[in-house]
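Notes follow once the structure below has been shown.
The values are calculated or read from the model by the stated rules, or taken from the named source; none is laboratory data. All figures in this text were calculated on a predicted structure; none of them were measured in a lab. Here the Cβ is made from the backbone with ideal geometry for all residues, glycine too, and neighbour counts use every protein chain on show. Areas reflect the complete protein model, heavy atoms only, side chains present, ligands, DNA and RNA absent. Shrake-Rupley method; radii C 1.70, N 1.55, O 1.52, S 1.80 Å.
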Amino acid sequence: MLGLGLLGLCYGASWSSPGKVFAVLTGTDHSVVIRDWRLPRVLAGLVFGAALGVAGALFQNLTRNPMGSPDVIGLDAGAYTGALVALTVLSGTSAQLAAGSVLGGLLVAAAIYLLSYRQGFSGMRLVVIGIAVNAMVTAVNSWIVLRADLEVAIAAVGWSAGSLNGVGWEDLGIPFTVIAVLLALMTVRAHAMHQASLGDAVAVTTGVALDRLRLLMVLVGVGCTATVTAVAGPIAFIALAAPQIGRRLAGAAGVPLLPAALTGAVLLLGADLIAQMLLAPVALPVGVVSTAIGGCYLIWLLTKEVRRA
């Protein structure tokens, strides 16, 4: 992770040596490019990747299914709907985009939860209904873009690719604070989440209030996803792949949060570097690269599930 971060600070239109990067970071040298352009982008990749990894781990624990990811069950699409409404109906300020993304994600999460809750909670039912809701919300998003003015539609389509291009310090203060609060909340409840992953009966006998824990997991997962979407657009597949890759690397039972967060940070930062290098000097949206990587992972996952069945 440190190596990728250093590479991200060195790489750009012109190469900066590691010595110059260290000098800028320690304040003995000055470079606007490294301090104000590359450093916010690298930090955004790390923090947003960790947030998406944790969001994916929360929903995979909740559904007990490796397909239970915010981008698969429609939360990314819901957050994008909220942002589209802010762009097309309102003036599209940063605050409106953030509020619209969170509200859209929460509404879709509530709809999926209510539709899937029949005589008790079922992870598989939630995933299946989430995939159906994702398709419907994606259709609504396409309709909104088609009805929008040309300039707004072009901006919305570009933003939907998911990108860290142009992210600066002014974009990161509030999102980093929100993500830090959400991750702290979930860290406090990590033990209860581990008990719940062992089964409802074990969790109840150890004093875990399952309904309140599940509600908190949904709120934190939606909050992390919507916060990232509000700044960078929907970045697909990091939340799907990071928890399972992290679990295998750590050799841990269940879907632990810390390996998912670290893997998500590495995946998003690595994908962003590839996006910058692939067609240099033109920087691709990181969502293009993460979708390509995630598509390969999804094929592997589905093939494995079919063989197991």
Count of the stretch 1-50 residues which are open to solvent by less than 50 Å² (accessible area, probe 1.4 Å), more than 18 Å from ALA271 (Cα to Cα) and among the charged types (D, E, K, R): 1
Qualifying residue in the stretch 53-61 (condition: surrounded by 15 or more Cβ atoms within 10 Å (Cβ to Cβ), touching a residue at least 24 places away in the same chain (Cβ under 8 Å) and in contact with a Cys (Cβ under 7 Å, 6 or more places away or on another chain)): yes
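Go through the stretch 271-309 and give me each residue that's among the small types (Gly, Ala, Ser) and more than 19 Å from VAL231 (Cα to Cα). Before the answer, list the steps.
The first filter runs over the stretch 271-309 and keeps only residues among the small types (Gly, Ala, Ser), leaving 271, 275, 280, 283, 287, 290, 292, 294-295, 309.
If the condition is that a residue be among the small types (Gly, Ala, Ser) and more than 19 Å from VAL231 (Cα to Cα), then ALA280, ALA292, GLY294, GLY295, ALA309 are the ones that fit.
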Residue match in the stretch 148-166 (condition: at pLDDT 85 or above, open to solvent by less than 50 Å² (accessible area, probe 1.4 Å) and in a helix (DSSP H, G or I)): no
Among (1) over 20 Å from SER197 (Cα atoms); (2) open to solvent by less than 60 Å² (accessible area, probe 1.4 Å); (3) touching a Lys or Arg at 6+ places or on another chain (Cβ under 8 Å) - the single one ARG118 does not satisfy: (2)
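Only one of THR93, THR88 is at pLDDT 80 or above and of a type in the set (S, T, N, Q); which? Step through it out loud before you land on a result.
Values: THR93 fails: at pLDDT 80 or above.
Testing whether each residue is at pLDDT 80 or above and of a type in the set (S, T, N, Q) leaves just THR88.
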Top-ranked residue in the stretch 83-96 [being farther than 17 Å from VAL137 by Cβ and under 20 Å from the mean Cα position of the chain (by Cα); ranked as least open to solvent (accessible area, probe 1.4 Å)]: GLN96
Cβ-Cβ under 7 Å pairs, at least 6 apart or on other chains, the stretch 144-164 side aromatic (Phe, Trp, Tyr), far side open to solvent by less than 30 Å² (accessible area, probe 1.4 Å) and assigned to a loop (DSSP other than H, G, I, E, B): TRP159/GLY233
Neighbours by Cβ (under 8 Å, 6+ apart or cross-chain): first from the stretch 275-299, outside any helix (DSSP H, G or I); second of a type in the set (Val, Ile, Thr): none
Test: residue in the stretch 129-143 that is of a type in the set (Phe, Trp, Tyr) and in a helix (DSSP H, G or I): yes
Tally, over the stretch 51-77, of residues that are of a type outside the set (S, T, N, Q) and out of contact with any Ser or Thr (no Cβ under 9 Å at 6 or more places or on another chain): 8
